[in-house]
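Novice: If you scroll down you'll find the structure; I have some questions about it.
Every read-out reported here was derived from the displayed coordinates using simple, explicitly stated rules and does not represent laboratory data. Computed from a prediction, not measured in an experiment: that's the story for all the values here. Reconstructed Cβ throughout: ideal geometry from the backbone, glycine too, with neighbour counts over all protein chains shown.
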């Protein structure tokens, strides 16, 4: 009997599929439907290899036995995925019919790829040529390279395009002694309290920075402090902000709203003005009820943000939301140094939650280059120091360093806008590194980068994080209504 001609195929992976290969661990993830293929390599002899080989031989299939004699089922798959990731191949490689017949694991793998709409096989003889795939490259990669080659020409021309948000801490003194004002501001947008004298950020320096940002896509301005109503030039600050189109969000503690009718009316009169009211525990319920009523009367776009550090805090917040009929609210986890158990149970990322999040391929690619939590954001403290992230190094000082110069410094040498899991241990060795949300300030606070249970089989009880928009690495809130 004559043997049929050995056919050849183009095996390709779709551009919306993420491929991750780390040592002996492989992951393919379809960003459109959330389907994943996860495999761990085993050696052809000994350990898992013996168990796997025995299982395949028990079927009595001679093709499987021959494949086992050739050894290394999984190594073939791993090598193929390495070839797919090569810039030369651009996710398209040749496979022969013989290769598929002699390696059942490879055939099963490709079948699953096709069934999960991750790729396909095309017979070479029936195709006009090799399928074309383009290697994506984010614009920031090109711009950083351009800036490094010619910083004098490019710094003012390009870097302002990346500015999106500025947070101004206009003062740092507050009458009450609240733990969140000492450390909460290093985890999320929150008031600040100095252990020394009350300092104020000069209004002229705020104006100068905003003038330098003219022409940038700046869309958000945050106003924070110990108590922003105590800022000596608050009316002038409102007048200054009124000339800018960006959304202005004023951050206050609920205890600071009492007898502030005029200030609240003046804030409500601003175009694109929002109010964020922080609520921590234990709290004064009558004062909170008064603050809620005062804000409701001003028709001001308001979110009440409950700072929760325990299950009890969360339950109490739910009771207050129901009792006061609060429509706009959010929950913000607060790490106080004593509640790691709370974070492990309710905030740490779970594998199924990561897979179910379905980030777009653009989001996945961007995580390999930038940190979306920090990118485009600057913070100015009352002493004039400017940061891309308050937990990292200072970029410069208002009145001394120009805005383009500080942005260029962060893009070129900074550790916040480009703070990536691919550079952080142990995340850099995990196939989920680009599927997980970017590193946030919680990793700084807790002192570890992998705030997850991904490597702990069996984890994942139903919990508060089922309500979450992204967990700790998302860097924002549990839930926003």
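Novice: Between residue 312 and residue 202, what FRET efficiency comes out of the Förster formula 1/(1 + (r/R0)^6) with R0 = 41 Å and r the beta carbon distance, rounded to 0.05?
Specialist: 0.45
Novice: For residue 111 and residue 323 in one chain, what is 0.36 nm times their gap in residues minus the Cα-Cα distance, to one decimal in nm?
Specialist: Extending this stretch completely gives an extra 70.8 nm.
Novice: Within the stretch 191-229, which residues have the backbone N less than 17 Å from the label spot 7 Å out from residue 383 along Cα→beta-carbon, could you tell me?
Specialist: 192-202, 225-226
Novice: When a/c is below 1.5 the answer is rounded, else prolate if a/b is larger than b/c, else oblate, so apply that to the stretch 145-474 with a ≥ b ≥ c taken from the square roots of the Cα gyration tensor eigenvalues.
Specialist: Oblate shape, in that a/c is at least 1.5 and b/c is the bigger or equal ratio.
Novice: Related question: Taking the Cα centre of each part, how many Å lie between the stretch 369-406 and the stretch 201-254?
Specialist: Value for the Cα centre distance between the two parts: 16 Å.
Novice: A further question on this structure: Label-point separation (nm) for residue 243 and residue 259, each offset 7 Å from Cα along Cα-to-Cβ?
Specialist: Computed distance between label sites residue 243 and residue 259 equals 3.4 nm.
Novice: Still on this model: Which residues among the stretch 278-308 fall inside the zone where the amide N is under 16 Å from a point 7 Å beyond the Cα of residue 338, along Cα→Cβ?
Specialist: Label zone hits: 281-283, 308.
Novice: Can you tell me how much longer the chain between residue 368 and residue 448 gets when fully stretched, taken as 0.36 nm per residue apart minus their C-alpha distance, in nm with one decimal?
Specialist: Value of the extension gain: 26.9 nm.
Novice: Quick one: length gained pulling residue 98 to residue 23 fully straight, 0.36 nm per residue minus the C-alpha distance?
Specialist: Contour length minus Cα-Cα distance gives 24.3 nm.
Novice: If each of residue 186 and residue 128 carries a label point 7 Å out from its Cα toward its Cβ, how far apart are those two points in nm?
Specialist: Roughly 6.0 nm, to one decimal.
Novice: Now, a different point. Going by C-beta contacts inside 10 Å, put 436, 190, 81 in order with the fewest on the left.
Specialist: Starting with the residue having the fewest Cβ neighbours, the order is 81, 190, 436.
Novice: Under a plain spin-label model, where a point goes 7 Å from the Cα along Cα-to-Cβ, how far apart in nm are residue 287 and residue 269?
Specialist: Label-label distance for residue 287 and residue 269, simple model: 2.8 nm.
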